[in-house]
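These notes are about the structure you will find just below.
The values are calculated or read from the model by the stated rules, or taken from the named source; none is laboratory data. Computed from a predicted model, the values in this text were never measured in an experiment. Glycine gets a Cβ as well: all are built from the backbone with ideal geometry, and neighbour counts include every protein chain shown.
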Amino acid sequence: MKKLLCALLLLGSFSSHAGLIDFEALPGGPADPINTDGFIFDFEASAFGVFVEPDPFPGLSSNGTTRIGAQGGGAAPARLTMFADDNSLFTVLGFDLASLFSSLSGTVVVVGTLADNSTVSQIFNVSGSFTTFSLDASFSDLQRISFAENLTPPNTGAFGQTAGFFVDNIQTAEVPEPGSMLLLILGLAGISVLRRKHS
C-alpha cells in the first residue's frame, strides 16, 4: 500500500503534459482574442479569426482543418501573440504554418519572451502549403510567444490582399512549478526510504 501511495505521489507531482492546440472545437469567424485549451491568442491585424473548411474565400491556403489566421494591412504586418490564460510559464515545441494566400511566400518571425523577460527568436520560410516546424529548446519557460509576418509580395493575392499567415497544431508543454518539483523530489525520496526499509 505504501508503495502504491508513493507511486501515485510521484505520478501526480509531475505536471509537464504535452498538449496539441488544433482549434477544431472553435466556431469559424472573426474573434479577438481567442481563448482555447488554456491559452489566449491576441491579434494585431487588419483581418483575423478562425477559419473552417470549406473556406468562403478563394485562394486561401488550406490544410483541410480548422486553423487561425491573421492578415496585415498596408505597411502594418500581422502579429499573433499567445500566452497562458493563467499567466503560467509554458513551452512551445512546434506548429504548422502557411501563408494566408496560397500564392504568397515569405517568412514568419517567431519571438518568445522568457520568464526573465529576455527573448529568443527563429525565422521560418512559409508558402501556401502548410509545413510543420519545430522550435529549438530555447523556447521553454515562456511568458508569451508571438508570430509576425514578413511575407512578400506585400500587396498581392487573389483579390490584391496584403500578406498574412495561418497557424495550426501548436504543440505545447507546461513548465513544472517549483511546488510540483518539490513533490517529485519527495516522492522519489519516499520510494528510496521504503526500499531501504525492505532490504
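For this structure, a couple of remarks:
- Cβ pairs under 8 Å, 6+ apart, first in the stretch 56-79 and modelled with pLDDT of 90 or more, second surrounded by 24 or more Cβ atoms within 10 Å (Cβ to Cβ) and among the charged types (D, E, K, R): 70/149; 79/149
- Unmet requirement for residue 106, which otherwise passes all of (1) touching a Leu at 6+ places or on another chain (Cβ under 9 Å); (2) within 17 Å of residue 171 (Cα to Cα): (2)
- Just so you know, in the stretch 90-108 the residues that are in a loop (DSSP other than H, G, I, E, B) and buried (at least 17 other Cβ atoms within 10 Å of the Cβ) include one that is modelled with the lowest pLDDT, and it is 104.
- Checklist (1) of a type in the set (Val, Ile, Thr); (2) under 16 Å from residue 169 (Cβ atoms); (3) touching a residue at least 40 places away in the same chain (Cβ under 8 Å) applied to residue 52, failing item: (3)
- Filtered residues of the stretch 64-84 (kept if in a loop (DSSP other than H, G, I, E, B) and surrounded by fewer than 15 Cβ atoms within 10 Å (Cβ to Cβ)): 64, 74, 75
- Residues located in the stretch 109-168, provided they are at pLDDT below 90 and part of a strand (DSSP E or B): 149, 150, 151, 152, 164
- Which listed residue is touching a residue at least 12 places away in the same chain (Cβ under 8 Å) and either among the basic types (Lys, Arg) or closer than 22 Å to residue 49 by Cβ (or both), from 120, 108: 108
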